[in-house]
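Below is one structure, written out as structure tokens, with a few remarks after it.
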Amino acid sequence: MRRLIAQLARFGVVGAVGFVVDTVIFNVLRATVLAPEDVHAGPFIAKVISTVVAIFVNWMGNRYWTFRDQRRAVAAREGFEFVVVSLGGMVISLGCLGLSHYVFGFTSALADNISGNVIGLLLGTAFRFWLYRVWVYHPDRQTADRPVADGTGTTGTGANGAGANGAGTIGTDAVTDEPVAR
């Protein structure tokens, strides 16, 4: 449980940096080249751009700090999965912004920030943390990318920590972080 709390704290710090990057870029774009007075879809486009930049910043922070013990050897595959999950979080944030701005008619900069950068971010963060833990950085998945010593003197390739002899290994539960037999 202590490991989960520490990991959640690191995730929060990385997320805070990503939040600052996202919010600053969004507001600069919304106030300048993508102002809603000049570009009807300006806030929406600004949010997509700011989120994409924040996704990269968050991936670097999460890969090399938050989930450093669970990152996989194949960075391209991990990066792809991270982007897929992050885009899901972006859809949640954009959905909140779109509803507020285009459906409910709350078009001020404050309303756009509350809907996209507060409500959307909170919902998206819960979604992302859960999927990062159970899919992208799950401890059992890191062994699927590398050969695993199976205890017989040979090297197996088994997923979920199973070696060539079929023997399972001890893993951790994705939610509670407690050891479990596989």
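Which of the residues spanning the range 96-116 are small (Gly, Ala, Ser), more than 15 Å from Asp22 (Cα to Cα) and assigned to a helix (DSSP H, G or I)? I'd like the intermediate steps shown before the answer.
Going residue by residue through the range 96-116, those that are small (Gly, Ala, Ser) are 98, 100, 105, 108-109, 111, 115-116.
From the residues that got through so far, the ones that are more than 15 Å from Asp22 (Cα to Cα) too are 98, 100, 105, 108, 111.
Selection gives Gly98, Ser100, Ala111.
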**OP:** Would you confirm whether any residue within the range 77-85 is touching a residue at least 40 places away in the same chain (Cβ under 8 Å), open to solvent by 30 Å² or more (accessible area, probe 1.4 Å) and out of contact with any helix residue (DSSP H, G or I) (no Cβ under 8 Å at 6 or more places or on another chain)?
**Re:** yes
**OP:** Out of the residues in the range 86-99 that are surrounded by fewer than 22 Cβ atoms within 10 Å (Cβ to Cβ) and small (Gly, Ala, Ser), state the one that is nearest to the chain's Cα centre (by Cα).
**Re:** Gly88
Original post:
Going through the range 1-44 one residue at a time, which ones are in a loop (DSSP other than H, G, I, E, B) and open to solvent by less than 80 Å² (accessible area, probe 1.4 Å)?
Top reply: Thr32, Leu34, Ala35, Pro36, Val39, Ala41
Original post:
Got a sec? Which of Arg63, Arg72 is in a loop (DSSP other than H, G, I, E, B) and open to solvent by less than 30 Å² (accessible area, probe 1.4 Å)?
Top reply: Arg72
Original post:
For residues in the range 115-140 being closer than 9 Å to Cys96 by Cα and without any contact (Cβ under 8 Å) to a residue 60 or more places away in the chain, which is surrounded by the fewest Cβ atoms within 10 Å (Cβ to Cβ)?
Top reply: Ile119
Subject >> Subset tally (residues that are under 13 Å from Gly15 (Cα atoms) and out of contact with any Lys or Arg (no Cβ under 9 Å at 6 or more places or on another chain)) for the range 108-122 >> reply: 3
Original post:
From the list Ile55, Ile49, which residue is open to solvent by 30 Å² or more (accessible area, probe 1.4 Å) and in contact (Cβ under 8 Å) with a residue 12 or more places away in the chain?
Top reply: Ile49
**OP:** Quickly run through the range 119-152 and pick out the residues that are modelled with pLDDT of 55 or more and small (Gly, Ala, Ser).
**Re:** Gly120, Gly124, Ala126
**OP:** Report, by residue number, each residue of the range 19-49 that is at pLDDT below 95 and under 30 Å from His138 (Cα atoms).
**Re:** Phe19, Asp22, Thr23, Lys47, Val48
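The values are calculated or read from the model by the stated rules, or taken from the named source; none is laboratory data. Note that the coordinates shown come from a computational prediction; the quantities given were computed from them, not determined experimentally. FYI the Cβ positions are ideal-geometry reconstructions off the backbone, even for glycines, and counts take in every protein chain you see. Side chains included, ligands, DNA and RNA excluded: accessible areas come from the protein's heavy atoms. Shrake-Rupley method; radii C 1.70, N 1.55, O 1.52, S 1.80 Å.
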